[in-house]
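K.L.:
Take a look at the following structure, please.
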Amino acid sequence: MVSPRGGHPEAAPGARDADVGAVAGLLGRPGVKYAVASHHNPDGDALGSMLGLHRALVAAGHDSVMCHPDEDPRLPEMDFMFADGDVVGHGPPPDAAERVLVAVDCASAERLWVRDGLGPHAGFAGSINIDHHHDNTRFAQFNLVVPDASSSAEVVYDVLAAAGLPVDEAVATPLYVGLITDTGRFSYSNTGAHAHQVAAALIEAGTDPHAVSDRLYEQQPLPRLMLAALALGKMRSIADGRLRIAVLGPDDYAQAGGDDSEGIVELLRSIEGCVAAGLARETEPGWYRVSLRSSVPELDVSAIARAEGGGGHKAAAGFSTNRDIDDLMADLETKVVAQLGPVPDESRG
């Protein structure tokens, strides 16, 4: 399960790839203190992997804290994973020099904190990077990157199993959240046999899959659905209908009663004949957060996002921009067509 590092300009000095067994050994050393972190603007995989790994370390008697680049990274629909005693600190802990940083689901240094241009691990006693993004920059001292894994939660589970660290219900449930959200309820192309095997192990450990699915998918806030309706009404069809994209701004948030856009880009992607979808949300005047999705292997949306300073998976990626929205639409169409090729003339009729 070793992924060759190749050349990565952001790689830490002395960085090297590690396999599951090696990282398991690094997490099982007595007397070592840990700081577990995940990326800016976290999703279910980031939060679930961070919380699950932290709890397993604590249950095994290790000194572990959680830390994050965002002041409040906990998402409302995933708050059920957290208990009263689960504290997520903002930024590196005060005693970082005594701790090993373990970054989960974080593809690059920029998605954590960067201090004085020295990278996210500066000031820590060491650093470990556990991830599944294919474009991970190997920014830590030890890098376990498994691109064919469905999620970072899947990789974290493998590490815990190899290390003999406890996986009970408190550990299994957040890992299951990471697994189910990053596989789209086991429907995305990244879902392999091992993802189902890990899911089975997590259920055996105490996860209630019905309860998790109910909290994540069956309790949709009305403003979220109202905003989805507005997005469908404003949707643009470009690249010969293969790309559907919507733009939302303050007027839409006011009309819907909120700015919760969770699931909207996936809804756009589900339209018949669509192979890619995008959602551009105005987060402040002139600035947009763009989410991209692809449903075919021929289209790598992470390549498009990286060109704009963002990143992600081949099938799900994002970036922020202050470009003119019409210029952005034209550029997205050009890049999608460049990867997919033009529609054959006989398909246009």
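The values are calculated or read from the model by the stated rules, or taken from the named source; none is laboratory data. What you see is a predicted model; the values in this text were computed from it and never measured. Positions of Cβ are generated from backbone atoms using ideal geometry, with glycine treated the same way; all protein chains shown enter the neighbour counts.
K.L.:
Quick one: is residue 68 free of Cβ contacts under 8 Å to residues at least 40 places away in the same chain, over 22 Å from residue 165 (Cα atoms) and within 20 Å of the chain's Cα centre (by Cα)?
P.N.:
Details: free of Cβ contacts under 8 Å to residues at least 40 places away in the same chain: yes; over 22 Å from residue 165 (Cα atoms): yes; within 20 Å of the chain's Cα centre (by Cα): yes.
Here the answer is yes, as residue 68 does meet what is asked.
K.L.:
Let me ask something else. On the basis of being farther than 26 Å from residue 296 by Cα, among the small types (Gly, Ala, Ser) and touching a strand residue (DSSP E or B) at 6+ places or on another chain (Cβ under 7 Å), does residue 164 make the cut? Walk me through it before giving the result.
P.N.:
On the way: farther than 26 Å from residue 296 by Cα: yes; among the small types (Gly, Ala, Ser): yes; touching a strand residue (DSSP E or B) at 6+ places or on another chain (Cβ under 7 Å): no.
In short, no.
K.L.:
Also, quick follow-up: Given (1) under 25 Å from residue 219 (Cα atoms); (2) crowded, with 22+ Cβ neighbours inside 10 Å, where does residue 312 come up short, assuming only one miss?
P.N.:
Of (1) under 25 Å from residue 219 (Cα atoms); (2) crowded, with 22+ Cβ neighbours inside 10 Å, only one is false for residue 312: (1).
K.L.:
Pairs needed: first member in the stretch 216-242, at positive phi; second member anywhere, surrounded by fewer than 18 Cβ atoms within 10 Å (Cβ to Cβ) and basic (Lys, Arg); C-beta distance under 8 Å; at least 6 residues apart or different chains.
P.N.:
240/348
Table: residues versus (1) among the hydrophobic types (A, V, I, L, M, F, W, C); (2) modelled with pLDDT of 95 or more; (3) more than 17 Å from the chain's Cα centre (by Cα).
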site	(1), (2), (3)
136	no, no, no
156	yes, yes, no
176	no, yes, no
192	no, no, yes
197	no, yes, yes
201	yes, yes, yes
208	no, yes, yes
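K.L.:
In addition: Every residue in the stretch 67-118 that is within 30 Å of residue 219 (Cα to Cα) and buried (at least 22 other Cβ atoms within 10 Å of the Cβ), please. Let's see the steps before the verdict.
P.N.:
Within the stretch 67-118, the first condition is being within 30 Å of residue 219 (Cα to Cα), and the residues that meet it are 67-90, 104-106, 111.
Selection gives 67, 68, 78, 81, 88, 104, 105, 106, 111.
K.L.:
Applying the selection to the stretch 126-144, what residues are small (Gly, Ala, Ser) and part of a loop (DSSP other than H, G, I, E, B)? Give the derivation first.
P.N.:
Here is the first cut: in the stretch 126-144, the residues small (Gly, Ala, Ser) are 126-127, 140.
Correct list: 140 only.
This table checks each residue for (1) within 30 Å of residue 224 (Cβ to Cβ); (2) at pLDDT 95 or above.
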{"site": "1", "(1), (2)": "no, no"}
{"site": "18", "(1), (2)": "no, no"}
{"site": "28", "(1), (2)": "no, no"}
{"site": "43", "(1), (2)": "yes, no"}
{"site": "48", "(1), (2)": "yes, yes"}
{"site": "83", "(1), (2)": "yes, no"}
{"site": "96", "(1), (2)": "no, no"}
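K.L.:
When residue 299 is evaluated against the numbered criteria (1) more than 24 Å from residue 43 (Cβ to Cβ); (2) surrounded by 18 or more Cβ atoms within 10 Å (Cβ to Cβ), which criterion, by number, is the only one it fails?
P.N.:
Here residue 299 clears every test but (1).
K.L.:
Which ones in the stretch 71-91 are part of a loop (DSSP other than H, G, I, E, B) and over 19 Å from residue 58 (Cβ atoms)?
P.N.:
The answer is 71, 72, 75, 91.
K.L.:
Considering the stretch 286-303 alone, what residues qualify as being within 21 Å of residue 330 (Cα to Cα) and not aliphatic (A, V, I, L, M)?
P.N.:
286, 287, 288, 289, 291, 293, 294, 295, 298, 300, 302 - these are the residues of the stretch 286-303 that are within 21 Å of residue 330 (Cα to Cα) and not aliphatic (A, V, I, L, M).
K.L.:
Could you check how many residues of the stretch 178-190 are within 21 Å of residue 58 (Cα to Cα) and at pLDDT below 95? Steps first, answer last, please.
P.N.:
Step one: list which residues in the stretch 178-190 are within 21 Å of residue 58 (Cα to Cα), which gives 178.
Next, only the ones that are at pLDDT below 95 stay: none.
Looking only at that region, the number is 0.
K.L.:
In the stretch 98-116, which residue that is modelled with pLDDT under 95 and part of a loop (DSSP other than H, G, I, E, B) is nearest to residue 43 (Cα to Cα)?
P.N.:
In this case the residue turns out to be 106.
K.L.:
Let me ask something additional. Inside the stretch 22-41, can you point out the residues that are within 19 Å of the chain's Cα centre (by Cα) and over 11 Å from residue 128 (Cβ atoms)?
P.N.:
Listed by number, the residues that qualify are 38, 39, 40, 41.
K.L.:
So, one more: When the stretch 68-96 is examined, which residues are found to be of a type in the set (A, V, I, L, M, F, W, C) and touching a Phe, Trp or Tyr at 6+ places or on another chain (Cβ under 9 Å)? Walk me through it before giving the result.
P.N.:
Here is the first cut: in the stretch 68-96, the residues of a type in the set (A, V, I, L, M, F, W, C) are 75, 78, 80-83, 87-88, 96.
Correct list: 88, 96.
K.L.:
Out of all the residues in the stretch 178-215, which are touching a helix residue (DSSP H, G or I) at 6+ places or on another chain (Cβ under 8 Å) and either closer than 23 Å to residue 143 by Cα or polar (S, T, N, Q) (or both)?
P.N.:
178, 179, 181, 182, 183, 190, 194, 195, 198, 207, 213, listed by residue number.
K.L.:
Have a look at 257, 233, 310 and point out the one that is at pLDDT below 90 and either among the β-branched types (Val, Ile, Thr) or over 24 Å from residue 186 (Cβ atoms) (or both). Steps first, answer last, please.
P.N.:
On the way: 257 fails: at pLDDT below 90; 233 fails: at pLDDT below 90.
Checking each option against the conditions leaves just 310.
K.L.:
Would you check which residues across the stretch 275-291 are hydrophobic (A, V, I, L, M, F, W, C), surrounded by 19 or more Cβ atoms within 10 Å (Cβ to Cβ) and within 12 Å of residue 248 (Cα to Cα) and list them?
P.N.:
Listed by number, the residues that qualify are 279, 280, 290.
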